[in-house]
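These notes are about the structure you will find just below.
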Amino acid sequence: MPPSLTTDRLILRPHALADFPACCTLWADPDVTRFIGGRPATPDEVWSRLLRYAGHWSLLGYGYFVVTDRQTHAVIGECGLADFHRDIAPAIGDTPEAGWVLLPQYQGRGLASEALGAVLAWADQTMPRTVCLIDPDNAASLKLAIRVGYTEYARTTYKDHAAILLERSAPLSRDGGAG
């Protein structure tokens, strides 16, 4: 069963069927998709995305969360970990890949940092390393990735677009393991 994560301002929870309209709004926003695919997503693409998220949790034990405002319960974005089996060099392999998106009206308030911090704190318990793939022109996401501990390890091309691969190791616990 996927967990729910709570921060001071957010609740991150597994997606539900009732989230489909809000997710369509999120992924139809050209500012959200500018660096992720380069165009707004259609409802059938969003539906496939939701099913892929459920599959991640079911098959891998990790996945994406819908990010909601703790006070209003409004869906403001998504954040989580995935294995997209990207055809990319260098290969990501089975290392979980972090990703995050917020609606434009919620950006610039530290909410993405808060959501990603919660996801990574949860992941650090069992995942020794995570990666992320970011468009080099996406300065805000690069800044956030670096702030939470990611460092660049490769420059590559993905689907004919330049990309930066970054990695982050989980902090070592006192017994020498992740977490």
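The values are calculated or read from the model by the stated rules, or taken from the named source; none is laboratory data. In this text, all values refer to a predicted model and were calculated from it rather than measured experimentally. Here the Cβ is made from the backbone with ideal geometry for all residues, glycine too, and neighbour counts use every protein chain on show. The protein model used for the area step is the full one, side chains on, heavy atoms only, and it has no ligands, DNA or RNA in it. Shrake-Rupley method; radii C 1.70, N 1.55, O 1.52, S 1.80 Å.
May I ask you to give the percent of accessible area on region 122-162 that is carbon plus sulfur, with a probe radius of 1.4 Å? Present the calculation step by step, with values, prior to reporting the outcome.
On the way: 1270 of 2460 Å².
Percent of accessible area from carbon and sulfur atoms in region 122-162: 52.
Please list TYR150, TYR106 from largest to smallest accessible area, probe radius 1.4 Å, with all protein chains kept in place. Walk me through the numbers on the way to the answer.
On the way: TYR150 5, TYR106 45 Å².
The ranking, largest first, comes out as TYR106, TYR150.
Counting only protein chains, not ligands or nucleic acids, how are MET127, MET1 ordered by accessible area (probe 1.4 Å), most first?
Values: MET127 20, MET1 215 Å².
Output order, biggest surface exposure first: MET1, MET127.
What accessible area, in Å² to the nearest ten, does a 1.4 Å probe give for HIS161?
110 Å²
Before I look further, what does the chain give for accessible area per residue, probe 1.4 Å, in whole square angstrom? Let's see the in-between values first.
Numbers: 9450 Å² over 179 residues.
Value for the chain: 53 Å² per residue.
Using protein chains only and a probe of 1.4 angstrom, how many square angstrom of TYR153 are accessible, to the nearest 10?
About 70 Å², rounded to the nearest 10.
Quickly work out the THR126-to-THR95 label distance, labels modelled 7 Å from Cα along the C-beta direction, and quote it in nm with one decimal.
2.0 nm
Using the alpha carbons of the chain, what is the convex hull volume per residue in cubic angstrom, as a whole number? List each step's numbers first, then the result.
Numbers: hull volume 21.6 nm³, N = 179.
Cα-based convex hull of the chain, divided per residue, equals 121 Å³.
With every protein chain present, what accessible area does ARG129 have (1.4 Å probe, heavy atoms only), rounded to the nearest 10 Å²?
Result for ARG129: roughly 70 Å² accessible.
Place a point 7 Å from Cα of LEU59 in the direction of its Cβ. Which residues in region 75-99 have their backbone N less than 16 Å from it?
81-87, 93-97
Could you work out the helix-only [θ] at 222 nm for the chain, with each DSSP H run of four or more residues adding -39,500 (n - 2.57) and the total divided by the number of residues, to the nearest 500 deg cm²/dmol?
Working: 5 runs with 53 residues, N = 179.
Result for the chain, helices only: -9000 deg cm²/dmol.
Within region 94-119, whose backbone N sits under 14 Å from a point 7 Å along Cα→Cβ of TYR153?
Answer for region 94-119: 94-98.
Report Rg/Rh for region 1-77, rounded to two decimals, where Rg is the Cα radius of gyration and Rh the Kirkwood radius.
Details: Rg = 12.7 Å, Rh = 13.0 Å.
We get a ratio of 0.97 for region 1-77.
Starting from the Cα coordinates of region 85-179, work out the convex hull volume and express it per residue in Å³. Working shown, then result.
On the way: hull volume 10.1 nm³, N = 95.
Hull volume normalised by residue count: 106 Å³.
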